[in-house]
Amino acid sequence: QVQLVESGGGLGQPGGSLRLSCAASGIVFAGYHMYWYRHAPAKERDLVAGITNTGRTNYGDSVKGRFTISRDNAKNTGYLQMNSLKPEDTAIYYCKAALTNWADVWGRGTQVTVSS
């Protein structure tokens, strides 16, 4: 069964850190590009960060210098390290795996709430 499962969300303090994980199964994870998106209430879904199958990364402007995307192909898992959290980072975070000419695979999301 092809699936992505996010974990690691929860309540974070402003200025604090959280680490999200995205565990893949049913795909050859190493061949896929991986992305993190987020969707906050009353806002459009935003691309947070991406990492190619060769390890090249890119970030949304609002998270540059604070978030770091990475992957461990041996564990079929991607990560999003979130530092210096802000209340505006509150959203549901989704991971996506993408491969040219194949359908995208999405996880179900994990809630991140940043509040004191």
Original post:
Restricting attention to region 73-84, and to residues there that are under 19 Å from A30 (Cβ atoms) and more than 10 Å from the chain's Cα centre (by Cα), which single residue is surrounded by the fewest Cβ atoms within 10 Å (Cβ to Cβ)?
Top reply: A74
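Confirm whether L11 is modelled with pLDDT of 95 or more, of a type in the set (A, V, I, L, M) and either in a loop (DSSP other than H, G, I, E, B) or over 16 Å from W106 (Cβ atoms) (or both).
On the way: modelled with pLDDT of 95 or more: yes; of a type in the set (A, V, I, L, M): yes; either in a loop (DSSP other than H, G, I, E, B) or over 16 Å from W106 (Cβ atoms) (or both): yes.
It is true that L11 is modelled with pLDDT of 95 or more, of a type in the set (A, V, I, L, M) and either in a loop (DSSP other than H, G, I, E, B) or over 16 Å from W106 (Cβ atoms) (or both).
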Original post:
How do the pairs read when you match residues in region 85-103 that are surrounded by 11 or more Cβ atoms within 10 Å (Cβ to Cβ) with residues anywhere that are of a type in the set (S, T, Y) and in a strand (DSSP E or B), using Cβ under 6 Å and keeping only pairs 6 or more apart or on different chains?
Top reply: T90/T113; Y93/T110; Y94/Y37; K96/Y35
Subject >> Residue check, Q3 more than 13 Å from the chain's Cα centre (by Cα) and either within 12 Å of G107 (Cβ to Cβ) or hydrophobic (A, V, I, L, M, F, W, C) (or both) >> reply: yes
**OP:** Please find, among S116, S70, the residue that is touching a residue at least 12 places away in the same chain (Cβ under 8 Å) and open to solvent by 70 Å² or more (accessible area, probe 1.4 Å).
**Re:** S116
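Does D46 fit the bill of being in contact with a strand residue (DSSP E or B) (Cβ under 6 Å, 6 or more places away or on another chain), open to solvent by less than 20 Å² (accessible area, probe 1.4 Å), of a type in the set (D, E) and over 14 Å from L4 (Cβ atoms)?
On the way: in contact with a strand residue (DSSP E or B) (Cβ under 6 Å, 6 or more places away or on another chain): yes; open to solvent by less than 20 Å² (accessible area, probe 1.4 Å): no; of a type in the set (D, E): yes; over 14 Å from L4 (Cβ atoms): yes.
When the stated conditions are applied, D46 does not pass them.
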**OP:** Report, by residue number, each residue of region 27-40 that is under 25 Å from N73 (Cα atoms) and either in a strand (DSSP E or B) or without any contact (Cβ under 8 Å) to a residue 60 or more places away in the chain (or both).
**Re:** V28, A30, H33, M34, Y35, W36, Y37, R38
**OP:** Would you mind finding the one in S7, S21 that is closer than 16 Å to T77 by Cα, surrounded by 13 or more Cβ atoms within 10 Å (Cβ to Cβ) and in contact with a Phe, Trp or Tyr (Cβ under 6 Å, 6 or more places away or on another chain)?
**Re:** S21
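The values are calculated or read from the model by the stated rules, or taken from the named source; none is laboratory data. These figures come from a predicted structure and were not determined experimentally. Positions of Cβ are backbone-derived with ideal geometry, glycine not excepted, and every protein chain shown enters the neighbour counts. The accessibility values were calculated without ligands, DNA or RNA, using every heavy atom of the protein model including side chains. Shrake-Rupley method; radii C 1.70, N 1.55, O 1.52, S 1.80 Å.
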